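A quick write-up on the structure given underneath.
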Amino acid sequence: MLTAPLRLQAQIFNLGVQSNLVYRWNFLLRVLVSFVPLLGSVFLWNAVFSGHGGFAGYTFKSMVAYFITLILLDTLTVPNEDDFQIAEDIREGRINTLLLKPIEYRLYRFHLYAAARLVHSAFALVPLAIAMIWLGYYFTELPWLENLPWALLAALGAGMIQFFFCFTLAMIAFWILDIGSVTFIIYSIEFLLGGHIFPIDAFPTWLQIVCLHLPFAYETYFPAAILIGHVPTQDMLTGFLWQWGWVGFFYVLSGILWKRGLHQYTAVGG
């Protein structure tokens, strides 16, 4: 259970904020660099839509708006190498000092993740606001304002999946020394099937069905598609059920793997 004294949780969150402020310029640079692929996407989709009225239900503006939304979503939800940090804590024995503390390690890591996202978002706010003066043109014909509350709820679910999936993946460190190769393969699949290269509704029907039954679509595509109006109202409830179902799945699975990993964990280092 993710329970601990509230005062202790607040202290951990505050510690996470302070430690991430050390890397504030890294966050700012990372946001600025994230717009470089967007420029390439604008030129690419401009060429694709040249002479064509639409593509898979998208106009040029809505397609660019989709990829802009992905950048915003990544800023808000994507963990910053949390899985490798957790794996290193396990491998180097740094979890020893936390096992006897009145807070579960998973909750401790969740507060650090939330603090990092808060700091990252805060430092990204100014460059994103400036960029949106130009990029807002692509949202002018989209119902993004009326869809914003649902998109924010979906973004919250996306963040929860991101964290618990990341924690679940890091638990492999109890059984193997280096999780790098495993995470590279899984994140490559996630990048493709999550809608980072193409929106999922631009895929063939059979592949759309596969993607919408996997968690990756609900980390990125689902919130972005809601914001730009590409998720029909009648399908939104189903999408939220799948999304929060995956949140629950990875919450339970990460807890099981943590407990089983501790049974064979040899406390060294720390």
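Right, LEU112: surrounded by 13 or more Cβ atoms within 10 Å (Cβ to Cβ) and either under 24 Å from PHE216 (Cα atoms) or over 18 Å from the mean Cα position of the chain (by Cα) (or both) or not? Let's see the steps before the verdict.
Values: surrounded by 13 or more Cβ atoms within 10 Å (Cβ to Cβ): yes; either under 24 Å from PHE216 (Cα atoms) or over 18 Å from the mean Cα position of the chain (by Cα) (or both): yes.
When the stated conditions are applied, LEU112 passes them.
Considering GLY195, GLY229, which residue is on the phi > 0 side of the Ramachandran plot and surrounded by fewer than 18 Cβ atoms within 10 Å (Cβ to Cβ)? Step through it out loud before you land on a result.
Details: GLY195 fails: surrounded by fewer than 18 Cβ atoms within 10 Å (Cβ to Cβ).
Going through GLY195, GLY229 in turn, the sole match is GLY229.
With PHE67, PHE84 as the choices, which residue is touching a residue at least 12 places away in the same chain (Cβ under 8 Å), more than 22 Å from THR168 (Cα to Cα) and assigned to a helix (DSSP H, G or I)?
Working: PHE84 fails: more than 22 Å from THR168 (Cα to Cα).
It is PHE67.
All but one of (1) surrounded by fewer than 18 Cβ atoms within 10 Å (Cβ to Cβ); (2) in contact with a helix residue (DSSP H, G or I) (Cβ under 9 Å, 6 or more places away or on another chain); (3) at pLDDT 85 or above hold for LEU98, so report the exception by its number.
Just one mismatch for LEU98, condition (3).
Output the residue which, of all residues in region 29-74 that are among the hydroxyl-bearing types (Ser, Thr, Tyr) and modelled with pLDDT under 80, is farthest from ILE161 (Cα to Cα).
Initial filter on region 29-74 (among the hydroxyl-bearing types (Ser, Thr, Tyr)): 34, 41, 50, 58-59, 62, 66, 69.
With the extra rule that they be modelled with pLDDT under 80, the set shrinks to 34, 41, 50.
Numbers: SER34: 22, SER41: 26, SER50: 37 Å.
That would be SER50.
Just checking, does region 203-217 include any residue being among the aromatic types (Phe, Trp, Tyr) and surrounded by fewer than 23 Cβ atoms within 10 Å (Cβ to Cβ)?
Going through region 203-217, the residues among the aromatic types (Phe, Trp, Tyr) turn out to be 203, 206, 216.
Now restrict to residues that are surrounded by fewer than 23 Cβ atoms within 10 Å (Cβ to Cβ): 203, 206.
There is at least one residue in region 203-217 that is among the aromatic types (Phe, Trp, Tyr) and surrounded by fewer than 23 Cβ atoms within 10 Å (Cβ to Cβ).
The values are calculated or read from the model by the stated rules, or taken from the named source; none is laboratory data. Computed from a prediction, not measured in an experiment: that's the story for all the values here. Counting neighbours? That spans all protein chains shown, and the Cβs are built from the backbone with ideal geometry, glycine included.
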